[in-house]
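Engineer: So that we are looking at the same thing, I have put the structure below in structure tokens.
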Amino acid sequence: MLVKAKEKQISFLFQEHDPFFEIGCRILEQEHISQMLPYIRINQRGREKLVYQADEETLVSLSDIVPAFEEKELVDLLCGMIFLNMKVEENGFLKKECIWCKYDNLYYDKGNGCIKAAILPITGELRYAEGASWYGQFEETMTSIASYLPADGQQYIKKLLLMLKLGELTQEEALARLQHRGGSVSGTGRWLHEHQKDIILRLLYHGNGRELEFLIDGEDFLIGRNAAIADGIITAEYSKAVSRRHCLITRLNHKYFVQDLKSVNHTLVNGIMIPPYELMELENNDILSVGDIEFRVTTSVS
């Protein structure tokens, strides 16, 4: 595939025939992805050529406008990049790798407040010059946008990208974390509501005439007896077998997992002891034992 870029235009000339090309074109036409640059098809000596045009007055080069953005606008752009990945993959046919996410070839729509990119109707990963990968280009774009954030924001994005690369974080979880930092994506509220229904975890203890309840709806929830650091505090009046930092409950891909933090009296799920720092999934009606405190686990959708 040959790629040429000039002002307000990116063209792709396909060297090989792709049997799924026509299907991809039909899907893109049906999806009406608002962040996609419009394109025209040209037959050039029997080969397919797609020309993506950014000729609307509201479209400007992303690299030109980013330096003038405030912190909130920058986080919104980062949200927009991740949301675009999710939106493209929603149909189950196209992959995020068909987004041409090279920083210098992205545009910003001032009218709609969003990034616009070339999205190609192919099922495989795009080939960039000099052996660069799709993820490498995506990471470069995210890093370039984040470079205008304060130092702590830059470090946060760097960590987020590493977790995505290692598979420790899903696109949905990364987007949720950016939204937690104040980011948003224009016009996606309904879509996100339908695709990101949050699971609330409820832990309930009854014993010795006492009751203790924890409601968990965030990313990390630390249980222990140290009131200064724990989210779920179990004081000595409930138990003396609970460590200062006993266990950590983490939400990953809309599921909850617990890991023991090398506590003295261990953490168990349904009577099975969890080795220190290993993750074990928590499901509805499980029994979570934190030392000698037994919680009944229930889940609900917010």
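Throughout, read-outs are computed from the coordinates displayed, never taken from laboratory work. On a predicted model such as this, the values are computed, not experimentally measured, just so you know. When we count neighbours, we look across all protein chains shown, and the Cβ atoms used for this are built from the backbone with ideal geometry, even at glycine.
Engineer: Mind checking the dipole of the range 199-301: about its Cα centre, +1 per Lys or Arg Cβ, -1 per Asp or Glu Cβ, Debye to the nearest 20?
Structural biologist: 260 debye
Engineer: For Lys4 and Leu162 in one chain, what is 0.36 nm times their gap in residues minus the Cα-Cα distance, to one decimal in nm?
Structural biologist: Value of the extension gain: 53.8 nm.
Engineer: Determine the calculated [θ] at 222 nm for the chain from helices alone, applying -39500 (n - 2.57) to every DSSP H run no shorter than 4 residues and normalising by the residue count; nearest 500 deg cm²/dmol.
Structural biologist: That comes out to -8000 deg cm²/dmol.
Engineer: Here's another thing I want to ask about it. Give, in nm to one decimal, the length gained when the segment between Lys95 and Glu281 is fully stretched (0.36 nm per residue of separation minus the Cα-Cα distance).
Structural biologist: Taking 0.36 nm per residue and subtracting the Cα distance, the gain is 64.1 nm.
Engineer: Now, a different point. Compute the normalised compactness of the range 199-301: alpha-carbon radius of gyration over 2.2 N^0.38 Å, N being the residue count.
Structural biologist: 0.95
Engineer: What is the calculated FRET efficiency for His32 to Glu56, with r their C-beta to C-beta distance and R₀ = 22 Å, to the nearest 0.05?
Structural biologist: Computed FRET efficiency for His32 and Glu56: 0.85.
Engineer: Starting from one equal scatterer on each C-alpha and no solvent at all, send me the Debye-based log10 I(q)/I(0) for the range 1-147 at q = 0.19 Å⁻¹, two decimals.
Structural biologist: Values, matching the q order: -1.22.
Engineer: May I ask for the distance between the Cα centers of the range 116-142 and the range 234-297, given as a whole number of Å?
Structural biologist: Cα centroid of the range 116-142 versus Cα centroid of the range 234-297: 42 Å apart.
Engineer: Ok, one more. On full extension of the chain, what length is gained from Leu261 through Ile23, given 0.36 nm per residue of separation minus the C-alpha to C-alpha distance?
Structural biologist: 80.7 nm
Engineer: For labels at Ile200 and Thr143 in the simple 7 Å Cα→Cβ model, what's the distance in nm?
Structural biologist: The modelled label-to-label distance comes out at 4.1 nm.
Engineer: Provide the net charge surrounding Leu160, with neighbours chosen by a C-beta distance below 14 Å and charges set as Lys +1, Arg +1, Asp -1, Glu -1.
Structural biologist: Surrounding charge for Leu160 is -1.
Engineer: Of Ser61, His17, Ile223, which is farthest along the charge dipole of the chain in the positive direction, counting Lys and Arg as +1 and Asp and Glu as -1 at C-beta?
Structural biologist: It is His17.
Engineer: Treating only the Cα positions of the chain as identical point scatterers, give the base-10 log of I(q)/I(0) from the Debye formula at each q in 0.16 Å⁻¹.
Structural biologist: Debye curve over Cα of the chain, log10 I(q)/I(0) at q = 0.16 Å⁻¹: -1.20.
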